[in-house]
1. Which order, highest average first, do 70-78, 58-66 follow once you tally other Cβ atoms within 10 Å for each residue and take the mean per peptide?
2. Exposure proxy check: TRP728, TRP627 ranked by fewest other beta carbons within 10 Å?
3. So how strong a dipole does the stretch 584-725 carry about its Cα centre when Lys and Arg Cβ are +1 and Asp and Glu Cβ are -1, to the nearest 20 debye?
4. Put +1 on the Cβ of each Lys and Arg and -1 on the Cβ of each Asp and Glu in the stretch 527-607; which of THR595, VAL543, ALA529 then has its Cα farthest toward the positive end of the dipole?
5. Which far-off residues, 5 or more places away or on another chain, put their amide H under 5 Å from the one on ALA290, with H placed in the peptide plane?
6. Check the cysteines of the chain one by one and keep only those with no other cysteine Cβ under 4.7 Å from their own.
7. Under 11 Å from the 7 Å Cα→Cβ point of LEU328, by amide nitrogen: which residues of the stretch 230-266?
8. If you fit an axis through the alpha-carbon atoms of helix 478-489 and take the longest principal axis of the Cα set of the chain, what angle between them do you get, 0 to 90°, nearest 10?
Amino acid sequence: MTIRGAVQGVGFRPFIYRLATTLELRGWVNNTARGVFVEVEGERERLDEFLLRVEREKPAIAFIQSLESSLADPVGYANFTIQHSDEQPGAKTALVMPDVATCPECLAEIRAPRNRRYRYPFTNCTNCGPRYSIIEALPYDRPRTTMKKFAMCPACEHEYRDPANRRFHAQPNACPECGPQLQLWDMTGVVLGARDAALVAAAEAIRAGKIVGVKGLGGFHLMVDARNEDAVCELRRRKHREEKPFALMAPSVEAVKALCEVSPLEERLLRSPESPIVLLGRRGGASDLAASLAPGNPMLGMMVPYTPLHHLLLDELNFPVVATSGNLSDEPICIDEHEALERLQGIADLLLVHDRPILRHVDDSIVRVMAQREMVMRRARGFAPLPVMVQDELPSVLGVGAHQKNTVALAVGRQVFVSQHIGDLETEQASAAFERVIASLEDLYEAEPVAIACDLHPNYVSSEYARRATKHPIEVQHHYAHVLSCMAENALQPPVLGVAWDGSGYGPDGMVWGGEFLKIDKYGYIRAARLRPLHLPGSERAVREPRRCGLSLLWETLGEAALAQSELPPIAAFDENERKLVAQMLRQNLNSPWTSSMGRLFDGVASLIGLRQKVRHEGQAAMELEWLAARSTDAGAYEFALRAGQDGQPTELDWRLMVEEILRDLQRGEARETMARRFHNTLAEMILRVAQTQAGIPVALTGGCFQNRLLTELAVARLQSGGIRVYWHQRVPPNDGGIALGQVVAAARALRQKETR
Ligand code: ZN
Ligand code: ZN
Ligand code: FE
């Protein structure tokens, strides 16, 4: 665990020592320039208890601003010790802290009628409040934050200068006398109200079914009453967001528990200083939530208020609201109120704004618990820009990430700073945000990268940027970056078998890869195995239409005869003319690129069992397949063939036997959920079988497919029962949000080899 905040010089290490020994855990604790570092070893339940009790029982004056934990291999410590502080000279990179959720003391103040900060939405202290979203430059000092335009009143100034005060050197310190204030605007910018009246009127509007743009910590949210079906539908229509689920903000953890099943680990996440969106299983039975929040989705993305503004607003409402990012779909989140007048025009009815400028956009982070660990699926508020520590000193390298869910990463010494989530680089707005984030990361750490790493894909906006910024960008294969990213956060050394499964990534052979087994050695990677490729009739259209993948699976398995079987769901999903067209594409190999993508296999199977023929957003069919499979406990798996490649070609995982078996299941009238489950079981079996061909070296699971909890848990269990060590993502997303980190590591490896050559 790395614990940051007011945890040094407050008896934190003795506290950790006592707690660890009480629980009979072994390991050590020390202070580093980066915070308190703890390694504990013991039984799983004790470790969980330790994690939960650290926050609950910490010394009264200690304050945790971030707590990052991940599970690692046992070392075999004999006892628990307090180690000497490791003071590496020159290793003190000033850390920019992430934005921290409101602390209990500040919350009590804004709720206490006699306090001078009663109902003041910008209350904060050294333990909580904005950081990364307002810092212009280091060192972190008020004149170098967006708070510089507010002169502190004498009372605030006094707190700020008093070492005994909780607001001693709290850079964003403010009060109703001297700090930022709220206003309520209509969409022409006319001020309808100010201060508390603005907040009350905004709450009133939400209650009346209006869509209100709320300027928060790292950008705008769009908020509507989550119980109001008409309002939620209207928000979907205006935002051009068809079926993607909306995240919710509930007034309290108790309110979350009324809607969802919450485990102790999930509760810790909800209450943590990072305060992310936690993906939770919905409770069965009726709820008064609008049906179109997350159609057909057994999960809800839930968070609780994390700034005084959100606390006050939700206290006022006392019901859950949709809190989705303030943007048109695919654009980055809007951070400025004047910009919002344009960008949220036609989306929001009203804007609740304030005059504390947001320097950089920071979206809400998203976390899901799987295999009893946290997995960060979107790393932004609360986490960014905390670094990932690596084994060796790295040259200063910038990784510009991939195309979807883009992030960038910058190496400084042994730390890799992974930026906040930027998003899909589909729009001009997103590209501009991407360049701003790069400039600001380089600025903050005064870095002049010696190399820039980018994806091998020639047409990614990020790759084009790299080619503009440097003569010789280091191009990194997409799945290689995925695997290195997973290895980096788990501190793994080669050899490792990386299982990189996702929707698509450019291969050095010009093909679309995505069902890859890459063996990582000291120098690079070998493509040990891959999924048998399938055609994508219609290319990009096949990504939006699983039926095209379904048809392709049938075509490969049964040949042209498949087309006559109009009772099969993928065939039935086309009309006569379309069928002819697609057949012609496949027959003549027109506009039908080959791909070894696992994402497309998921699509194909979803189509085959009649689950979904067209999708509205990326990964939709695969997600629905996961939910369906999770309802079954069937232990069966389908047949598949493992075929050794000739002439150094990778081993091929041939899924045609599986398709034949699914067809038999269909004919027998097997339940869809049984087939979906058997498909998942088959994939876990495939991973084990390939791993067994690699002398049992450790396996790293990475790529967007491993956001699938069932798949990850099945694969982990299957490998572990086969005696193979397995690792997956915890702090860094398995999806393309983790690519930038992998690129940085790959570039460092390439540079090192150049030197030794
Ligand atoms: Zn506070
Ligand atoms: Zn003041
Ligand atoms: Fe990917």
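Read the figures in this text as sums done on the coordinates, not as results from a lab. Note that the structure is a prediction, hence the values are computed from the model and not measured. Cβ placement follows ideal geometry from the backbone for every residue including glycine, while neighbour counts extend to all protein chains displayed.
1. Working: 70-78: 11.4, 58-66: 18.0.
The packing order, highest mean first, is 58-66, 70-78.
2. Values: TRP728 23, TRP627 18.
Ascending Cβ contact count within 10 Å gives the list TRP627, TRP728.
3. For this selection, approximately 200 debye.
4. Working it through, the farthest residue towards the positive pole turns out to be ALA529.
5. Those qualifying (amide H under 5 Å, at least 5 residues apart or on another chain) are ARG227, ASN228.
6. When partners are defined as cysteine Cβ atoms under 4.7 Å apart, the chain leaves CYS106, CYS125, CYS156, CYS175, CYS233, CYS260, CYS334, CYS454, CYS486, CYS549, CYS705 without one.
7. Taking a point 7 Å out along Cα→Cβ of LEU328, the residues of the stretch 230-266 whose backbone N falls under 11 Å are 239-240.
8. Its long axis makes an angle of about 50 degrees.
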